[in-house]
Amino acid sequence: MDEKRIRKNLRRATFLVVLAGVLLLTAGGLVTHYLRGMLRSTVNTQMETETKEYKERLQQRIKTDFQTLYTLSSFLEFSEAMDQDAFAQGLYESNNHNDFITMTYFEKEGLGIRAILNHSVSVGVELDTLAEELQDTVRKAWEGESAISQLFHEETLDDILYVYAVPVYRDGQVIGALTASHSASSLSDILNTPTILNGEGYIHLLNRNGEFLLRSHRQVIPEALQSVFEGEYISSETRTAMQDTMRQSGSGFFSFQYQNRDYQIYLEPLEVNGWYLFCVNTTRAASGPVYQLLLVTRGTFSAILALAVFLIAYGYRQLRKNNRELIRAAYQDPLTGADNLLRFRQNLQDALTQGRTGSVVSLNLRQFKFINELFGREQADGLLRLMRRVLERNIREDEFFCRNTADSFYLFLQDTRRETLFQRLEILTEQVRHTTFSQHHDYRLQLYCGVATDTPELPREKARDILLGQAAFALAKARTMGLDQIWFYDTELHKKEILENYVATHMEQALQNQEFQLYLQPKMDLNRRELGGAEALVRWVTPDGQTLFPDQFIPFFESNGFCARLDLYMFASVCRQLREWMDAGLEPIPLSINQSKLLFYESDYVQTLQQLTEAYHIPPQLITLEILEGLALEHVEELNEKITQLQALGFRLSMDDFGSGYSSLNTLGRLKIDELKLDRGFLLEASRTGHQRQRIIMGQIVELSKKLHISTVVEGVETQENEAFIRSLGCDYGQGYYYSRPLHAKDFTRQYMDPQGR
């Protein structure tokens with residue numbers, strides 16, 4: 001009986017031990033699966049985060065190069081004439097200063113000038129003698145498109161290059177293309193950072209077909225493959241999925257097996273030329289140690305239990321350790337130990353969500369790349385670590401900072417008063433200025449600071465990104481202002497940017513919707529003391545009722561050529577208004593209207609005006625065309641020929657704003673104009689006490705105009721004294737707020753043309 005009981009208890013114990021072992025193994029398997037999935041998810045997050053960070057670095061490099069090229073092209077835009085030798089030398093010096101390999105300038109359909117870094121300058125270069133990739137970018141720039149080429153081998157330099165090209169404009173027209181090239185090694189240097197996935201990963205650069213453009217120094221497969229799709233290590237299903245993803249410009253995770261090891265892939269589009277970043281994680285699958293544990297636990301119950309508990313605990317500790325390391329790698333700058341931009345953005349979002357107000361500061365060291373060249377990489381890295389310590393000493397509790405890339409730092413300071421921020425940043429700048437980071441004690445460090453302050457008007461859901469963008473904009477402004485500059489983002493400047501964007505994106509629709517409305521300002525006949533005419537002015541009335549004045553949109557229209565279309569639209573509006581008066585039985589008054597330089601020199605300009613007046617049955621004698629004096633400084637004979645054609649049709653010609661620029665009495669004598677409008681600046685100066693010289697000059701201009709049979713109009717009449725003065729000079733017409741502000745055409749008609757309201 002005892003033996004039976006013992007056997008029974010033994011069987012029960014065995015059952016319980018087996019059951020416990022099974023449960024333990026099952027639990028171990030579940031935990032292992034959970035740990036494996038959790039680790040893979042964390043690694044995937046790190047791969048995606050780091051790949052996008054490298055993507056931002058590459059895009060920033062490309063963006064910075066384009067900004068440099070656009071800045072150089074803007075100088076060409078405003079150069080009316082270029083000495084070829086001087087321009088070639090300037091291109092060579094600019095190339096050396098900006099560290100491009102080559103720079104070229106090709107006039108449209110013409111020969112080019114080419115500068116090679118630390119070599120020579122070639123003049124009269126034919127485009128078709130250069131690499132096809134460079135030719136393509138130049139032609140795109142001639143079409144008004146900014147472009148970046150594919151990588152290509154430059155035989156002259158025996159190097160792999162890529163080329164940027166931007167159009168060069170003058171008077172709204174493309175006149176040439178400016179290009180600059182970099183060695184592909186400048187991109188390789190970014191991709192070959194040894195800290196990718198803590199040294200357990202690498203990144204290649206591919207084209208849209210999966211072909212290698214730039215290879216990492218590290219790689220899994222030693223064969224010199226031309227494409228990631230060569231060989232048998234990627235399955236056909238994975239290959240198809242990757243190709244579909246790349247065709248759709250998407251991103252995603254994939255895997256392949258090589259020599260019985262699994263590797264994780266992450267594809268991210270660079271959004272440039274169809275290029276892709278191909279990130280590979282070389283770490284073994286996380287399940288290996290746990291799987292070995294399962295094999296070992298097939299031993300005795302005690303060994304299974306002991307090893308399982310030990311390995312589960314060890315795996316948990318390792319997971320926590322790995323997670324900490326991964327988080328540190330994902331959110332910490334490996335060089336300085338400071339937070340990176342990703343963590344800064346999260347901290348900033350948390351601060352703003354919690355209602356904490358403050359300011360974002362963007363910092364840059366002046367000429368950091370030259371510090372790298374002068375003192376070496378080690379000294380420059382030491383300087384960045386020193387910058388971290390300086391920033392730590394200058395921030396308070398609940399404030400934070402990060403290192404973004406190179407010498408770029410961001411700070412969040414809990415101050416909003418400009419004076420306080422300026423004092424704090426002055427102290428910070430002074431500490432950096434007196435910092436010794438090298439045995440070369442005579443090198444003076446300098447900082448640029450851009451500041452953006454949080455305001456209640458910023459939408460909370462976008463406040464973080466807006467502040468970062470504003471700080472970056474302010475920093476860019478500071479970099480143009482000189483040494484040790486602290487620049488605060490200007491809200492009014494921001495409003496101006498918004499307005500400029502609205503003007504640029506709505507001008508076509510506004511013209512179609514007739515949002516440009518006709519306003520009239522009376523011109524008073526000083527001899528008859530009655531209305532003698534009116535000047536047609538334009539106002540842009542938006543659908544929400546906001547009125548935009550000419551100085552808010554005309555300068556932009558002049559730069560992009562839209563002013564010519566607007567001028568014709570307003571000319572038609574003037575004709576339509578005259579027709580309405582005549583149809584209503586009202587005696588029309590002469591109307592004057594401004595004509596831009598672009599419109600005036602169009603080949604069919606005279607015929608177009610004639611067709612419009614004939615279409616509305618308007619006598620051209622009722623319309624005075626006002627041209628700016630700047631037109632008279634160029635090609636007087638050609639201008640007089642156009643004036644003669646217009647006068648032959650009956651139009652009167654007036655020179656507007658005489659005296660506001662480079663007025664010339666000689667030019668006045670050579671022009672066949674009918675009317676001269678004196679700029680309000682003349683009257684303003686002559687009206688001041690003690691400005692007798694200005695009065696004499698103004699009187700002589702009026703007298704000279706009478707002798708030339710040119711009528712005179714004085715702008716800016718604002719007081720009775722102004723009117724008495726210009727009448728004493730013998731001026732014919734006065735115009736200004738003393739008589740009336742500009743009125744909508746309907747209001748003008750009611751007040752001046754039909755006061756009885758017929």
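The values are calculated or read from the model by the stated rules, or taken from the named source; none is laboratory data. Keep in mind that this is a model prediction, so the values were computed, not measured. Virtual Cβ from ideal backbone geometry, glycine too; neighbours counted across all protein chains shown. Just the protein is used for accessible areas: all its heavy atoms, side chains included, with ligands, DNA and RNA removed. Shrake-Rupley method; radii C 1.70, N 1.55, O 1.52, S 1.80 Å.
Using r as the Cβ-Cβ distance of ASP754 and ARG139, and R0 as 56 Å, what FRET efficiency do you calculate, to the nearest 0.05?
0.40
Under 25 Å Cα to Cα from LYS55, which lysines show up? Leave out anything in the same chain fewer than 8 places away.
Hits, sequence-local ones excluded: LYS63, LYS140, LYS369, LYS462.
Within region 159-235, report the GluC sites (Glu not before Pro) that DSSP leaves as loop and that have at most 10 other Cβ atoms within 10 Å. Please list the in-between numbers first.
Details: sites: GLU200, GLU211, GLU223, GLU230, GLU232; in loops: GLU200, GLU223, GLU230, GLU232.
Qualifying residues, ordered by number: GLU223, GLU232.
Spin-label point model (7 Å from Cα, Cβ direction): what's the TYR738 to ILE697 distance in nm?
2.1
Based on the Cβ-Cβ distance of THR45 and THR480, what FRET efficiency does E = 1/(1 + (r/R0)^6) give at R0 = 25 Å, to the nearest 0.05?
Numbers: r = 39 Å, r/R0 = 1.56.
Plugging the Cβ-Cβ distance into 1/(1 + (r/R0)^6) gives 0.05.
Give a quick list of trypsin sites (Lys or Arg not before Pro) in region 215-289 that DSSP marks as loop, anything other than H, G, I, E or B, with at most 13 other Cβ atoms within 10 Å.
Those that pass, being in a loop and sparsely packed, are ARG284.
Under 17 Å from a point placed 7 Å out from the Cα of ASP171 along the Cα-to-Cβ direction: which residues of region 538-557 have their backbone N that close?
Inside the label zone: 557.
Quick one: give the max-minus-min coordinate of the C-alpha atoms of region 519-659 along each principal axis, largest first, in Å.
43, 41, 33
Using 7 Å Cα-to-Cβ label points, what is the ASP583/LYS707 separation (nm, one decimal)?
Here the modelled spin labels are 4.9 nm apart.
Would you check the accessible area of PHE106, probe 1.4 Å, heavy atoms only, in square angstrom rounded to 10?
Near enough 0 Å² of accessible area.
By how many nm would the segment from GLU373 to THR719 lengthen if fully extended, with 0.36 nm per residue of separation less the alpha-carbon distance? Please report the intermediate quantities before stating the final value.
On the way: separation 346, 0.36 × 346 = 124.56 nm, distance 6.54 nm.
Computed gain between GLU373 and THR719 is 118.0 nm.
Using 14 Å as the cut-off for backbone N distance, which residues of region 402-425 belong to the label zone defined by a point 7 Å from the Cα of GLU457 along Cα→Cβ?
Residues passing the 14 Å test: none.
Please list, or write none, the lysines whose alpha carbon is within less than 25 Å of the alpha carbon of LYS677, excluding same-chain residues fewer than 8 places away.
Hits, sequence-local ones excluded: LYS523, LYS597, LYS642, LYS706, LYS707.
For region 163-214, take N as its residue count and report Rg(C-alpha) divided by 2.2 N^0.38 Å. Please list the in-between numbers first.
Details: Rg = 17.5 Å, N = 52, 2.2 N^0.38 = 9.9 Å.
For region 163-214, the normalised Cα radius of gyration is 1.77.
As an exercise, identify the chymotrypsin sites (Phe, Trp or Tyr not before Pro) in region 555-610 lying in DSSP coil whose Cβ has no more than 14 other Cβ atoms within 10 Å.
Working: sites: PHE556, PHE557, PHE562, TYR569, PHE571, TRP581, PHE600, TYR601, TYR605; in loops: TYR601.
Of the chymotrypsin sites (Phe, Trp or Tyr not before Pro), not one in the loops of region 555-610 has a Cβ with at most 14 other Cβ atoms within 10 Å.
Post the alpha-carbon centroid distance, region 191-246 to region 538-593, in whole angstrom.
Each part reduced to its Cα centre gives a spacing of 60 Å.
Using a 1.4 angstrom probe on the protein heavy atoms only, could you order TRP142, TRP275 from most to least accessible area? Walk me through the intermediate numbers first.
Numbers: TRP142 25, TRP275 0 Å².
Largest accessible area first, the list is TRP142, TRP275.
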